[in-house]
Amino acid sequence: MTEGTAGRGQDATRRAVAAVWRIDAARVVATLARYTGDFGLAEDLAQEALAQALERWPDQGIPRNPAAWLTHVAKRRAADHWRRQDRQAAGTAALAHDLELNRFEENQPPWDPDEISDDVLRLLFTACHPVLSEPARVALTLRVVAGLGTEELARLFLVPVSTVQQRIVRAKQTLAEAGVPFETPPRAERGRRLASVLGVIYLIFTEGHTATAGTDWMRPELSREAIRLGRQLVALQPDEPETHGLLALMELTAARFPARVDATGAPILLADQDRRRWDRGAIRRGRASLQRAQDCGRGLGPYALQAAIAECHAIAPDVAHTDWRRIVTAYEALELIAPSPVITLNRAVAVAEASGPQEALAIVDGLAGHGPAGHGPAGRKGGLATSYLLPSVRGELLARLGRTDEARAEFIEAARRAHNARERDVLLAKAARGGSPDRGAQ
Amino acid sequence: MQYMLIMRSNDEALAASQEIPFEQIIEAMGKYNESLVQAGVLVAGEGLSDATEGFVVDFTAEPPLVTDGPYGETKELFNGFWILEVASREEAAEWAKRCPLGPGSKLEVRRIHSTEDFPADNEWIKKEEGWREEAARRATTAERA
């Protein structure tokens, strides 16, 4: 055998091991965490077992039940670890007993999904624990639940491998220092903790399609990871309406991905997208998820409401035939449960389509402090205070009302605030055109 | 990326499956399907009824010829499929290997084309997307009716 083919064979095994890890990481780490009661140790042990697999499997072949092999090896390492720690306490004795009873069997049956799902759920809650920073939650979730390697994480987040490694190490330290137990959160904390899990998954999704770092406008791989995590969460928590709501929102948003950028990679606005390129399968799945959120019968939460808005777009043949009244209603509900100036501004855009620019302008003026509703504290503008969005939308509405000079001034102000060169060019072009109306700029 | 796992079984597999209690087969397949769902990879999947209930439309003749029963002289019958969304070809292979099937059964694994596989400006691709959209709209209208 030449060196070249050996290299290729090794490479093929490495890819196969990575695939096994994608499938089994969560279950292996979760089993070990329950077993050792120590999340950080469980993750270390699992990584050691994976390293051993990468060493052995190229020669020995991949075992019939790789997850059982990995768990077995990791448990042996745990025994070594405890011996080194000289902890001859009950833990070690129990472990030795367990290893004796559960000698590794090549033909062990695969995981029993009923038994393992609670452990995986605990794993997800732990990785998304509020004691961790958001980047730490994201990194830990992708690492232990999605089974992504350090190199892959570094590539996806455009940071050095050492940064990812540090983030993981610190996250595990933080969990240990805070004494976070490996458990499903108690009832009183349940809502807040589930919100954190949903938030982490949605953050991974949005990072994939708005790409806050780097030059690519979209990294669909990250969004696909988020959808996969969303599907996992739905399977683990089928009675929570917002798990379905989040999955619906992600499916319906991802359905537009094939139409969101042009051949040069520049973003295309919703109104200008070729809707024939939208992914009909994703729309169908998203609508089914939204229906399941509704079927839970506890009303719609913020994710489901956003999904309902995305659904209105997904099923409309074009901007003119979109059910803007339903969109306005959904934004009104969102403002009630999660008020924010950005939501209000979006409602104004929908109102402009549903009822005309005059009514929308009154809402926007309320936000901008121009009209009678604008006497509130300046803080009301929230994240909008310095954003180009407010003057941009106001300019659009003024242009539609034929108030050209005022529109031009707003577009110039918006261009001044824009960070992105491409956005700035678009806004300056609008100012130069004398603010001729454009539609559906969301 | 999405892959289709196409299940084919021959007479040997069908005969062997008669030996095993039906409940046992259902349970093993149920657990496999549940593990696909819990891993977040299952997009769709269906089992097909007996091939003798089916029929074949053959376009060799004009007009096309309709004959009862399974396709031609085939020894392996297509009897079900899964569509999985996974990270790699290797992951699709790993999931396929875990399917609880026995001797005489095979899974053919094929990648499903995505829109990115084709040039966006090809007029036939655009037309096909138009048809898909039309079909989806009709389905939506039917749902509402």
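The values are calculated or read from the model by the stated rules, or taken from the named source; none is laboratory data. As the structure is a computational prediction, the values presented were derived from the model and not from experiment. Positions of Cβ are backbone-derived with ideal geometry, glycine not excepted, and every protein chain shown enters the neighbour counts.
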Self-check item: Residue pairs meeting the criteria (Cβ under 7 Å; at least 6 apart or on separate chains; first within 11 Å of chain B (Cβ to nearest Cβ), in the stretch A:267-292; second outside any loop (DSSP other than H, G, I, E, B) and of a type in the set (S, T, N, Q))
Solution: A:R277/B:T115
Quiz item: Restricting attention to the stretch A:367-417, which residues are among the hydroxyl-bearing types (S, T, Y) and modelled with pLDDT of 90 or more?
Solution: A:S392, A:T404
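Results for (1) in a helix (DSSP H, G or I); (2) free of Cβ contacts under 8 Å to residues at least 24 places away in the same chain, shown as yes or no for each residue.
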{"site": "B:L14", "(1), (2)": "yes, no"}
{"site": "B:E27", "(1), (2)": "yes, yes"}
{"site": "B:E34", "(1), (2)": "yes, yes"}
{"site": "B:V37", "(1), (2)": "yes, yes"}
{"site": "B:A44", "(1), (2)": "no, no"}
{"site": "B:S49", "(1), (2)": "no, yes"}
{"site": "B:T60", "(1), (2)": "no, yes"}
{"site": "B:V66", "(1), (2)": "no, yes"}
Quiz item: Does the stretch A:202-224 include one or more residues that are aliphatic (A, V, I, L, M), at negative phi and within 11 Å of another protein chain (Cβ to nearest Cβ)?
Solution: no
Exercise. Could you tell me which numbered condition A:H81 fails, if it satisfies all but one of (1) farther than 17 Å from B:E94 by Cβ; (2) within 33 Å of the chain's Cα centre (by Cα)?
Key: (2)
Practice problem: Taking B:E23 as meeting all but one of (1) assigned to a helix (DSSP H, G or I); (2) among the acidic types (D, E); (3) in contact (Cβ under 8 Å) with a residue 24 or more places away in the chain, write down the number of the exception. | Solution: (3)
Exercise. Determine which member of the set A:A12, A:A51, A:A46 is of a type in the set (A, V, I, L, M, F, W, C) and touching a helix residue (DSSP H, G or I) at 6+ places or on another chain (Cβ under 6 Å).
Key: A:A46
Exercise. Output the residue which, of all residues in the stretch A:46-68 that are part of a helix (DSSP H, G or I) and without any contact (Cβ under 8 Å) to a residue 24 or more places away in the chain, is farthest from A:R27 (Cα to Cα).
Key: A:D59
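Taking the criterion of being at pLDDT 90 or above and away from every other protein chain (no Cβ under 14 Å), would at least one residue in the stretch B:28-46 satisfy it?
Within the stretch B:28-46, the subset at pLDDT 90 or above is B:28-46.
Filter once more, so that each one left must be away from every other protein chain (no Cβ under 14 Å): B:46.
Looking for residues that are at pLDDT 90 or above and away from every other protein chain (no Cβ under 14 Å), one finds at least one in the stretch B:28-46, hence yes.
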Self-check item: Search result, residues across the stretch A:234-260 that are buried (at least 22 other Cβ atoms within 10 Å of the Cβ) and small (G, A, S)
Solution: A:G245, A:A248, A:A254, A:A255
Quiz item: If A:T329 passes every condition in (1) more than 29 Å from A:R228 (Cβ to Cβ); (2) within 14 Å of chain B (Cβ to nearest Cβ) but one, which one does it miss?
Solution: (2)
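Residues being surrounded by fewer than 16 Cβ atoms within 10 Å (Cβ to Cβ), of a type outside the set (D, E) and not in a loop (DSSP other than H, G, I, E, B): count how many of those fall in the stretch A:410-435.
5
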Quiz item: Out of curiosity, is A:L194 in a loop (DSSP other than H, G, I, E, B), out of contact with any Leu (no Cβ under 6 Å at 6 or more places or on another chain) and at pLDDT 95 or above?
Solution: no
